[in-house]
1. From the residues in region A:53-99 that are out of contact with any Gly (no Cβ under 9 Å at 6 or more places or on another chain) and of a type in the set (Val, Ile, Thr), which one is nearest to residue B:97 (Cα to Cα)?
2. Test residue A:37 against the stated conditions and say whether it is in contact with a strand residue (DSSP E or B) (Cβ under 8 Å, 6 or more places away or on another chain), of a type in the set (Lys, Arg), more than 10 Å from every other protein chain (Cβ to nearest Cβ) and touching a residue at least 24 places away in the same chain (Cβ under 8 Å).
3. Would you pick out the residues in region A:23-45 that are open to solvent by 50 Å² or more (accessible area, probe 1.4 Å) and among the hydrophobic types (A, V, I, L, M, F, W, C)?
4. I'd like to check something: does region B:70-91 contain any residue that is open to solvent by 30 Å² or more (accessible area, probe 1.4 Å), within 11 Å of chain A (Cβ to nearest Cβ), closer than 27 Å to residue A:50 by Cα and in contact (Cβ under 8 Å) with a residue 40 or more places away in the chain?
5. Among the numbered conditions (1) part of a loop (DSSP other than H, G, I, E, B); (2) within 30 Å of residue B:55 (Cβ to Cβ), tell me where residue A:17 comes up short.
6. Under 9 Å between Cβ atoms, at least 6 apart or on separate chains: pull out the pairs that start in region B:1-14 with a residue that is away from chain A (no Cβ under 12 Å) and closer than 14 Å to residue B:82 by Cβ and end on any residue that is assigned to a loop (DSSP other than H, G, I, E, B) and open to solvent by 80 Å² or more (accessible area, probe 1.4 Å).
7. I'd like to know if region A:46-67 contains one or more residues that are within 9 Å of another protein chain (Cβ to nearest Cβ) and in contact with a Pro (Cβ under 6 Å, 6 or more places away or on another chain).
8. Listed residues A:89, A:75, A:93; which is under 20 Å from residue A:12 (Cβ atoms) and at the interface with another protein chain (Cβ under 10 Å from one of its Cβ atoms)?
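The values are calculated or read from the model by the stated rules, or taken from the named source; none is laboratory data. It should be emphasised that the depicted structure is a prediction, and the values quoted were computed from it without experimental measurement. Note that each Cβ is placed from the backbone with ideal geometry, even for glycine, and that neighbours are counted across all protein chains shown. Just so you know, the surface numbers come from the protein's heavy atoms only, side chains and all, with ligands and any DNA or RNA stripped out. Shrake-Rupley method; radii C 1.70, N 1.55, O 1.52, S 1.80 Å.
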Amino acid sequence: ILNVEQSPQSLHVQEGDSTNFTCSFPSSNFYALHWYRWETAKSPEALFVMTLNGDEKKKGRISATLNTKEGYSYLYIKGSQPEDSATYLCAPLSSARQLTFGSGTQLTVLP
Amino acid sequence: GAGVSQSPSNKVTEKGKDVELRCDPISGHTALYWYRQSLGQGLEFLIYFQGNSAPDKSGLPSDRFSAERTGGSVSTLTIQRTQQEDSAVYLCASSLARQGRDNEQFFGPGTRLTVL
């Protein structure tokens with residue numbers, strides 16, 4: 001079981017604001033890092049799977065960076081919209097193919 | 001194409017009863033995972049199946065919990081003698097299990113279990 005920390009725990013932003021969250025994880029024995037978005041009453045949905053130090057991935061207005069040496073990843077949302085409201089989960093993958101999920105950052109975008 | 005499906009979507013049971021939760025993974029996905037989310041908690045890993053290999057049961061919280069996967073497809077999570085602390089949303093996920101590290105997991109809608 002890995003120690004995964006996400007901050008902040010919750011966040012309220014105005015529509016149009018850009019925002020970012022942090023995921024911290026053990027840098028030793030790193031294998032991969034997953035980001036998921038979980039909307040209320042829906043299933044978690046994969047955003048990114050990142051494996052290489054320095055990786056930067058983008059999907060629309062959402063992007064993520066990865067630093068495996070220091071054990072952190074940032075998720076950025078540019079120009080937040082109300083439909084971005086969800087809990088954003090990060091999960092490092094161990095070599096045993098087991099994901100350990102952080103407790104998530106709950107984002108609320110106010111119109 | 002069909003995604004991961006789970007049944008039932010909701011289950012209310014009395015303390016001490018046994019329950020069975022079912023997961024149908026995406027066709028062709030050889031890896032299957034069970035997680036649960038208790039109120040106010042994050043997603044907790046329970047068990048992982050990969051093909052015909054012995055499952056990774058390291059996340060099961062007690063011997064009242066068991067799971068099987070028949071024919072490499074459908075999985076059933078069984079909780080015996082349910083307790084109130086078993087109340088949670090139980091999520092199933094599946095993924096392709098290529099040799100690479102970049103396999104995202106596809107989640108089902110979950111089963112909300114309430115133990116009275």
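1. Checked region A:53-99; the qualifying residue nearest to residue B:97 (Cα to Cα) is A:62.
2. Criteria met by residue A:37.
3. A:41
4. No, region B:70-91 has no match at all.
5. The one condition residue A:17 does not meet is (2).
6. B:12/B:116; B:13/B:116; B:14/B:116
7. Within region A:46-67, none of the residues are within 9 Å of another protein chain (Cβ to nearest Cβ) and in contact with a Pro (Cβ under 6 Å, 6 or more places away or on another chain).
8. Result: A:89 is the single residue among A:89, A:75, A:93 that is under 20 Å from residue A:12 (Cβ atoms) and at the interface with another protein chain (Cβ under 10 Å from one of its Cβ atoms).
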